[in-house]
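The values are calculated or read from the model by the stated rules, or taken from the named source; none is laboratory data. This structure is a prediction, so every number in the text was calculated from the model and none was measured. Virtual Cβ from ideal backbone geometry, glycine too; neighbours counted across all protein chains shown.
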């Protein structure tokens, strides 16, 4: 088989995978369901709110895989957010139950073909890399038997009384120019500051935190941080893409803190659908950027010791 034919088939496979993911997200949005705002805390959600993780490595999944696995948890009625491959289950002394159906997740990477490396070496130019998605199948620990107890154990969410103090400590720890006041919430990219109305302006106090993390999601995109495109005017495609990133990033941060995500800007759903229909890679890119934004913010999370010291200092 010629190299051209092989590359063409690989390109087609990637395109199909992007389309499968995008079509599912579009169908959810059209049905009025937002994939990053699953019905946590309701009768249809048996698992505690958290970011999905690999049961063997303990690493959190990222990007579009979070949305895929959150959907699978709700659809399957699973009790936890831990996943592993068929071989990982065997390596732990357990196994996937016969007849169980796995969930397809993806791995995104880039590779540089050998002929491109040679061309770059000959011309002195930078070698071009080709992005690709690879499928693999994972199973929820609920679908397995014989796993060690510590692997199959459900992650316990933080106590309700700790959620808001931890969220407020994280906001302070980011070091962002975070201003409280005014009638609306926004991020000002020119002045590089976040402004959020006072907590009293919100019907539920937790909505203030949800809003704060949405706007801090925008804040991560400044040129001195993750350097995303902030110049789009309201109603434009670039503006819709950035709003999509901030929406998903806010949901990921909230989930990490035990805060149930909500849609901060439901009026943008139509513009998000336009972006997704136009580009079948848009939601994968947005989820990837959102993961990077959430990770950037969560990296500021104070340790338990720091949190205790801060409380003592405030009390003093």
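Quick one: count up the residues across the stretch 203-230 that are out of contact with any helix residue (DSSP H, G or I) (no Cβ under 8 Å at 6 or more places or on another chain) and assigned to a helix (DSSP H, G or I).
Going through the stretch 203-230 one residue at a time, the tally reaches 3.
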If we ask which residues in the stretch 63-100 are touching a helix residue (DSSP H, G or I) at 6+ places or on another chain (Cβ under 9 Å) and within 21 Å of residue 16 (Cα to Cα), their number turns out to be 7
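Looking at 46, 65, which one is assigned to a helix (DSSP H, G or I) and either at pLDDT 95 or above or surrounded by fewer than 18 Cβ atoms within 10 Å (Cβ to Cβ) (or both)?
Numbers: 46 fails: assigned to a helix (DSSP H, G or I).
Exactly one residue qualifies, and that residue is 65.
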Would you confirm whether or not the stretch 127-136 contains a residue that is farther than 30 Å from residue 299 by Cα, surrounded by fewer than 16 Cβ atoms within 10 Å (Cβ to Cβ) and more than 23 Å from the chain's Cα centre (by Cα)?
yes
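Restricting attention to the stretch 109-126, which residues are assigned to a loop (DSSP other than H, G, I, E, B) and either out of contact with any strand residue (DSSP E or B) (no Cβ under 9 Å at 6 or more places or on another chain) or loosely packed, with under 10 Cβ neighbours inside 10 Å (or both)?
Here is the first cut: in the stretch 109-126, the ones assigned to a loop (DSSP other than H, G, I, E, B) are 112-113, 124-126.
Matches in the stretch 109-126: 124, 125, 126.
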Out of everything in the stretch 171-216 that is within 20 Å of residue 247 (Cβ to Cβ) and in contact (Cβ under 8 Å) with a residue 60 or more places away in the chain, what residue ends up being surrounded by the fewest Cβ atoms within 10 Å (Cβ to Cβ)?
174
With the condition kept exactly as written, say whether any residue in the stretch 238-247 is surrounded by fewer than 18 Cβ atoms within 10 Å (Cβ to Cβ), at pLDDT 95 or above and more than 23 Å from residue 158 (Cα to Cα).
no
Tell me which of these residue 233 doesn't satisfy, since it passes every other one: (1) modelled with pLDDT of 95 or more; (2) in a loop (DSSP other than H, G, I, E, B).
(1)
Pull out all pairs, ordered by first then second residue, where Cβ-Cβ is under 6 Å, the residues are six or more apart or on different chains, the first lies in the stretch 48-77 and is free of Cβ contacts under 8 Å to residues at least 24 places away in the same chain and assigned by TED's automatic domain parsing to the domain that holds residue 89, and the second is surrounded by fewer than 22 Cβ atoms within 10 Å (Cβ to Cβ) and assigned to a loop (DSSP other than H, G, I, E, B).
60/51
Under 30 Å from residue 71 (Cβ atoms) and not assigned by TED's automatic domain parsing to the domain that holds residue 46 - does that describe any residue in the stretch 175-193?
yes
